[in-house]
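What follows is one structure encoded as structure tokens, with my remarks underneath.
The values are calculated or read from the model by the stated rules, or taken from the named source; none is laboratory data. No experiment lies behind these values; they were computed from the predicted model shown. Note that we place each Cβ from the backbone using ideal geometry, even for glycine, and neighbour counts take in every protein chain shown.
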Amino acid sequence: MTSISIIGSGRMGAAIAEVATRACASVQIIKRSATSMSAARPGFEYGVMGDGLTGDLVVLAVPYSAYPGILEHYRDQLRDKVVIDISNPIDFTTYDQLRSPADSSTAAELAKLLPEGTAVVKAFNVNLGETLVTGTNGTTTTTVLFAGDYAHAKIAVAQLIEAAGMRAVDAGPLTRARELEAMGFLQIIMAALGRTRYESGFALLQ
């Protein structure tokens, strides 16, 4: 059975926990501290930052700015995990640009900070939380785009997505994370402006 550790107890962390539940995966949620707000529910294992990671897949469901603090606790532990980066590094003070380097992505920058050979996959950043919770986007099945350089890691992520009843589409190597972040940026901005709904988003039709 797949096991997944989700670092972060916010809206996206909760949405991915729902995905994992539909996929019959065991779920561990790591909170910032024992007093961090989160909706506790039965069947989940809860821990605080610094506790050991029990999942084979580890989702970083926190802003990219929080990554250095996470790596202080978990850098070596992540060596043998599949690390899923869901971040969209938007400058929320202006809503005008991505904060990642122009020729890179948060996923690529994260891979540089982890032990060599650590499998990083960019996934879920193009999906708004509600479409993950319901598994649908409007009248279509939710599609999750992902990118990475390690075949075994991409297979594990695709299996999780498909076991949750959604469509998994491989966007290519980790270099494609830059384009996925641009898509996530556009989608969030359009929802913030009221041009689309947070309950929907981009859909990839077959």
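Filter region 82-109 down to the residues that are charged (D, E, K, R) and more than 14 Å from the chain's Cα centre (by Cα), then identify the one that is modelled with the highest pLDDT.
Only one residue tops the list, namely E109.
Suppose we filter V121, V133 for residues that are touching an Asp or Glu at 6+ places or on another chain (Cβ under 6 Å), among the β-branched types (V, I, T) and surrounded by 15 or more Cβ atoms within 10 Å (Cβ to Cβ); which single one remains?
V133
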Reported set for region 181-197 where residues are buried (at least 16 other Cβ atoms within 10 Å of the Cβ) and not aliphatic (A, V, I, L, M) is E181, G184, F185, Q187, T196
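State whether the residues of region 137-152 include one that is out of contact with any Cys (no Cβ under 7 Å at 6 or more places or on another chain), closer than 27 Å to T21 by Cα, of a type outside the set (A, V, I, L, M) and free of Cβ contacts under 8 Å to residues at least 24 places away in the same chain.
yes
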Six or more apart or on different chains, Cβ under 7 Å: which pairs go from a residue in region 10-28 that's touching a residue at least 60 places away in the same chain (Cβ under 8 Å) to one that's part of a helix (DSSP H, G or I) and of a type outside the set (A, V, I, L, M)? Could you list them?
R11/G129; M12/G129; A15/G129
Conditions: (1) crowded, with 23+ Cβ neighbours inside 10 Å; (2) under 24 Å from S9 (Cβ atoms). R75 meets all but one. Number of the miss?
(1)
Residues that are within 15 Å of I86 (Cα to Cα) and out of contact with any Leu (no Cβ under 7 Å at 6 or more places or on another chain): does region 188-195 have at least one?
yes
If I4 meets every condition in (1) at pLDDT 95 or above; (2) surrounded by fewer than 17 Cβ atoms within 10 Å (Cβ to Cβ) apart from one, which number is that one?
(2)
Quick check on region 8-51: of everything there that is in a loop (DSSP other than H, G, I, E, B) and under 12 Å from V62 (Cα atoms), which residue is modelled with the lowest pLDDT?
R32
Based on this model, can you work out whether A164 counts as crowded, with 18+ Cβ neighbours inside 10 Å, in contact with a Leu (Cβ under 7 Å, 6 or more places away or on another chain) and either in contact (Cβ under 8 Å) with a residue 12 or more places away in the chain or within 16 Å of I90 (Cβ to Cβ) (or both)?
no
Just the residues that are in contact with a helix residue (DSSP H, G or I) (Cβ under 6 Å, 6 or more places away or on another chain) and either over 21 Å from T142 (Cβ atoms) or surrounded by fewer than 20 Cβ atoms within 10 Å (Cβ to Cβ) (or both), please, taken from region 8-36.
R11, E18, A23
Among (1) assigned to a helix (DSSP H, G or I); (2) more than 16 Å from the chain's Cα centre (by Cα), where does A203 come up short?
(1)
Just checking, does region 68-77 include any residue being among the hydrophobic types (A, V, I, L, M, F, W, C), at pLDDT 90 or above and over 21 Å from A164 (Cβ atoms)?
yes
